[in-house]
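Right, one structure below, let's go through it.
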Amino acid sequence: MEAGAALVEAITDAGIDVAFTVPGESFLPALEAMRTNKDKIRVISVRQEGGGSLAAHGFGQVTGRPAAVFVSRGPGATNASIGLHAAYQDSIPLVMFVGHVRSHMIGREAFQEIDHGTTFESMSKAVFIPSNPNEMVAMAKEAIDLSMNKRPGPVVVVMPRDFGDAKVDISAHNKSQSLQPELSKETQNQCDQLADALKKSKTPLIIAGELARQKENRNALKEFAHKLGAPVLAAYRCQDVIDNHDKHYAGHLEINHVSYQEQLIKDADFIVVVGSRLDGITSREETIINDDAWAHIYNDEAVLERFDARFKLKASVSSALYCLTEKLNGTRQDNLAWIDQAHQSFSNFSAPGSYPVAGNVDMSLIADQARKLLPDNAVIITDGGSYARWIHRFFRFKAPLTQGGSASGAMGAAVPGSIGAFLATNDKRPVIAFCGDGGFMMTGQELSTAVRENIPVKIIVCDNNVHGSIIKGQLDKYGAANAFATVMESPDFTKIAEGYGAAAWKVEDTETWSNAFTQALEHDGPALIHIKFDPKDIAPYGNEKDAV
Ligand SMILES: Cc1ncc(C[n+]2csc(CCOP(=O)(O)OP(=O)(O)O)c2C)c(N)n1
Ligand SMILES: [Mg+2]
């Protein structure tokens, strides 16, 4: 068997059933093997590698399983780096296969050659560079396991061109083993001590992040929060860690600092950080954890080592939380006021219509009405950009793995991410991508991919004609007349969508939104809604301190 075909057999055997690619001459044998195995793997040929890797990001975010990305070296691989970086920051499994120069040319700056090891080292769990075709096939399988193991993330496998059609003699059929370890003695010890500390805490608080979003972890979190008597704050862009209607939900740690949350953090006598790597936004640039009355649960030593938590539990979220929950006494009743007050503050803060707007479109009502028109399990993806803060503040997430987008703030994540998420859900539930005018212009061409592949995603372009996130700080700092490089000329996005073959609607006031959105949802194919809103309504925040 040729190594390209053996590699495809290895990855499909290991459970990969979706791949995104911009084809390259260096991996034709693998492409041919995917063509002859269409029943095992669906290959989506995207328009730009960044779209491919971000689609795989969306796929992995919703399934917890990796999709494959096949790209060529140098220009192709660096185009794809945005999705790799996003997957790394969000702990999302993804495996990228890079067609490379022939093996004897490696290190000679051959056509389009780069050193993938150094290029991707800081944004992937590993870069596998095989020295022979057999090893390449074995590494493909290993890469899939590694991408899902412990803290999930992206893995890169390099495929020198001449390896693809070399004959291999290995059997690629060995089964994946489960790599989740039991709790170590040391973790069990930490668990005992933490449970004792939590029993003494009067005002415990939980911050839950990316590794708590999956169904089992989320169930463990809910049980833990209820028994402990703790409000739950969602880490940045992890709003689906708990049903937002649960009385333990206390809101989302957004870029802006919000006074009720600051007070909550101040009043908490102990914080348990569950499955969050504590990015700069969630940790308020680490001000949240400046004393030692906190515990960190995370399945990666390197992340735990970054901070000085009093208790560090290196374990999966569910195993650590089941261990802790079991050790707590019965469900607490003595601090209901603490929980109720936090949830009430969140409810007031996220009440639709509560933030004044200058223009004809109130984005808080757009978010709220979208919620009412969608089933609980609809997937909502937000892109980079300030318009997203309207959605984050006013849309209430209910079901697991229903929020997409990247904590890396990567513009362009939403359109391809929605394609990946739709393929991942595999059950026809609505997948909605909210993006800004700037973000849409980065990867919007993948809407044509959705049309070709008949993937009925709904794209909502929130167009304020500016790079809102940047212009806000620019005008505050340099004066209202000094916008520079931040005012854009938005095209007519409905015409672009129609040009790609998608249905489109325009919305210029709040009143027309419900009707347009209903029609877009009913439309049996990809659709786009172009919302034009006032650049004065950049985000539902004033001049609160922000954390970026
Ligand atoms: C790929 C990428 N490039 C640059 C940035 C920096 N950046 C953050 S938000 C932003 C502007 C976003 O504009 P738009 O999509 O229109 O959303 P808005 O802020 O106007 O709501 C920029 C340039 C980024 N986050 N991602
Ligand atoms: Mg904009």
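Each value in this text was obtained by applying a stated rule to the coordinates, not by laboratory testing. Predicted model only: the values in this text are computed from it and were never measured. Backbone-built Cβ (ideal geometry, glycine too); neighbour counts: all protein chains shown.
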Based only on Cα atoms, what mean projected area does the convex hull of segment 371-416 have, in nm²? 3.4 nm²
Burial order of peptide ranges 10-16, 229-235 (average beta-carbon count within 10 Å, highest first): 229-235, 10-16
Could you grab the relative contact order for segment 351-532? Cα pairs under 8 Å, six or more apart, rounded to a whole percent. 22 percent
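With a/c under 1.5 counting as rounded, go ahead and sort segment 185-348 into rounded, prolate or oblate using the C-alpha gyration tensor (a ≥ b ≥ c being the square roots of the eigenvalues; past the cut-off, prolate if a/b is larger than b/c, else oblate).
Values: a/c = 1.39, a/b = 1.14, b/c = 1.21.
Cα axes put segment 185-348 in the rounded bin.
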Would you work out the relative contact order for segment 3-172, in percent, from Cα pairs under 8 angstrom that are 6 or more residues apart? 28 percent
How many percent of Cα pairs in segment 388-501 exceed 22 Å? 39 percent
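Take each of the peptides 514-521, 196-203, average the number of other beta-carbon atoms within 10 Å over its residues, and list them starting from the highest.
Numbers: 514-521: 16.9, 196-203: 15.2.
So the order, starting with the most tightly packed, is 514-521, 196-203.
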Reduced to Cα centres, the span from segment 282-358 to segment 499-544 in Å works out to 34 Å
Charges only on Cβ, +1 for Lys and Arg, -1 for Asp and Glu: so what's the dipole of the chain about the Cα centre, in debye to the nearest 20? 700 debye
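So for the chain: antiparallel DSSP bridges make up what percent, rounded to the nearest 5?
On the way: 3 of 65 bridges.
Around 5 percent antiparallel, to the nearest 5.
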Looking at segment 496-548, what % of the alpha carbon pairs are farther apart than 12 Å? 70 percent
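If you build the Cα gyration tensor of segment 105-144 and take the root of 5 times each eigenvalue, what three semi-axes come out, in whole angstrom, biggest first? Let's see the in-between values first.
Values: eigenvalues 76, 48, 7 Å².
Whole-Å semi-axes of the equivalent ellipsoid: 19, 15, 6.
What fraction of the Cα pairs in the chain, stated in percent, has a spacing above 29 angstrom?
Numbers: 80134 of 149878 pairs.
For the chain, the share of Cα pairs beyond 29 Å comes to 53 percent.
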For q values of 0.14, 0.18, 0.21 Å⁻¹, compute log₁₀ I(q)/I(0) with the Debye formula on a Cα-only model of segment 42-142, without solvent. -0.52, -0.85, -1.14
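How high is the relative contact order of the chain, in percent, counting Cα pairs under 8 Å that sit 6 or more residues apart? Please list the in-between numbers first.
Numbers: 1263 pairs, mean separation 76.8, N = 548.
Result for the chain is 14 percent.
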When the Kirkwood hydrodynamic radius is evaluated over all pairs of different C-alpha atoms of segment 70-214, what value in angstrom, to one decimal, is obtained? 17.7 Å
ALA67: net charge of surrounding residues, Cβ under 12 Å, Lys/Arg +1, Asp/Glu -1, itself excluded? +1
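Where does the charge balance sit around GLY420 when Lys and Arg score +1, Asp and Glu -1, over other residues with C-beta under 13 Å from its C-beta?
On the way: positive: ARG42, ARG65; negative: ASP17, ASP90, GLU446, GLU453.
Once positives and negatives cancel, what remains is -2.
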Need one word for segment 343-412: rounded, prolate or oblate. Basis is the Cα gyration tensor (sqrt eigenvalues a ≥ b ≥ c); a/c below 1.5 gives rounded, then a/b vs b/c decides. oblate
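State whether segment 253-319 is rounded, prolate or oblate according to the following rule on the C-alpha gyration tensor (a ≥ b ≥ c being the square roots of its eigenvalues): a/c under 1.5 gives rounded; otherwise a/b larger than b/c gives prolate, and the remaining case gives oblate. Don't skip to the end; give the middle numbers.
Values: a/c = 1.93, a/b = 1.65, b/c = 1.17.
Prolate, since a/c reaches 1.5 and a/b exceeds b/c.
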Going down the list LYS38/LYS215; LYS150/LYS222; LYS477/LYS536, which pairs span over 24 Å between their C-alpha atoms? LYS38/LYS215
